[in-house]
Amino acid sequence: MLTVGVCEDHEPIRRALARGLRHAGHEAVLAHDGREALIRFAPAVPLDVIVMDIGLPDADGRDVVQALKSAGQDAPVLFLTALDALHDKLQGFAAGADDYVVKPFEMSEVIARVGVLAARPRPTRAPGLAGLDLDPASHSIRTSSGEALLSPTEFRMLAAIAARPGEVVRRRAVVAAAWPDGAIVSENTVDSYIRRVRSKLASVDAAVRIETVRGVGFRVC
């Protein structure tokens, strides 16, 4: 039996997914928007797979996934969405998707893909960022000292780096997560945004910082 987190705002689809998973012998943990997903899919919850809609009422599902990963949730992710353009799929994978299914879908295919994802060995991950919460609904960061609002681009850059704590995230991966596919983004632009993110982290006394690995990319430490 697998434990599968399902975040889907359309109630009939959410119920159908829950019913299909249970019929296959799995347990479904349900959320209807991004804020509920952050609570119900927290790292302390032992999930085997997350099924995530992108068009949530309060947040972009891709931002929710990055926030979950930065907190330490390492379950593989299947995006289930009506967005079927190539650039949408590429942005989904850049945000941490392991698989992508377009609506309308066949339940049997979703169940099969969930099983395949759950069977993959998981890499050993570092713990999530302590004392720093990323809110994908408001594109803000919070610590015990306060809150700072980020632009969507700043949030996605930070989330892309924070989602892989301890690892060096290459510049092109940060750009892919924060800008539309095909965007021409100069190194100076990336560095300028990183400086802004660092300033906002400092404004809330965040214990984490972004380190530049020259010629490669960035990591949180």
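At a glance:
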item: Filter result (surrounded by 18 or more Cβ atoms within 10 Å (Cβ to Cβ), of a type outside the set (D, E, K, R) and in contact (Cβ under 8 Å) with a residue 40 or more places away in the chain) within the stretch 7-19; result: Cys7, Leu17
item: Residue identified as surrounded by 12 or more Cβ atoms within 10 Å (Cβ to Cβ), touching a Gly at 6+ places or on another chain (Cβ under 8 Å) and under 25 Å from Pro76 (Cβ atoms) among Val204, Val168; result: Val168
item: Selected residue (only one of Ala176, Ala137 is outside any loop (DSSP other than H, G, I, E, B), surrounded by 14 or more Cβ atoms within 10 Å (Cβ to Cβ) and either assigned by TED's automatic domain parsing to the domain that holds Ala44 or within 21 Å of the chain's Cα centre (by Cα) (or both)); result: Ala176
item: Elements of type strands (runs of 3 or more DSSP E) contained in the stretch 20-84, each with 2 or more residues being within 22 Å of Asp133 (Cα to Cα); result: 27-31, 49-52
item: One residue from Ala178, Ala159, Ala85, Ala94 being farther than 21 Å from Arg219 by Cα, of a type outside the set (S, T, N, Q) and at pLDDT below 95; result: Ala85
item: Residues satisfying the stated conditions in the stretch 87-102, i.e. of a type outside the set (A, V, I, L, M, F, W, C), in contact (Cβ under 8 Å) with a residue 24 or more places away in the chain and farther than 15 Å from Ala75 by Cα; result: His87, Asp88, Gln91, Gly92
item: Residue within the stretch 165-172 that is in a helix (DSSP H, G or I), under 22 Å from Ala59 (Cβ atoms) and within 20 Å of the chain's Cα centre (by Cα) present; result: no
item: Residue check, Lys69 closer than 16 Å to Ile13 by Cα and out of contact with any Phe, Trp or Tyr (no Cβ under 7 Å at 6 or more places or on another chain); result: no
item: Failed item, numbered, when Ala148 is tested on (1) outside any strand (DSSP E or B); (2) over 16 Å from the mean Cα position of the chain (by Cα); result: (1)
item: Members of the stretch 52-94 that are among the β-branched types (Val, Ile, Thr) and surrounded by fewer than 24 Cβ atoms within 10 Å (Cβ to Cβ); result: Ile54, Thr81
item: So Val102, is it at pLDDT 90 or above and buried (at least 18 other Cβ atoms within 10 Å of the Cβ); result: no
item: Flag if Ala148 is in contact (Cβ under 8 Å) with a residue 12 or more places away in the chain, over 27 Å from Thr3 (Cα atoms) and of a type outside the set (Phe, Trp, Tyr); result: yes
item: Residues being under 28 Å from Gly166 (Cβ atoms) and in a helix (DSSP H, G or I) - total across the stretch 90-113; result: 5
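The values are calculated or read from the model by the stated rules, or taken from the named source; none is laboratory data. Please read all numbers here as calculations on a predicted model, not as lab measurements. FYI the Cβ positions are ideal-geometry reconstructions off the backbone, even for glycines, and counts take in every protein chain you see.
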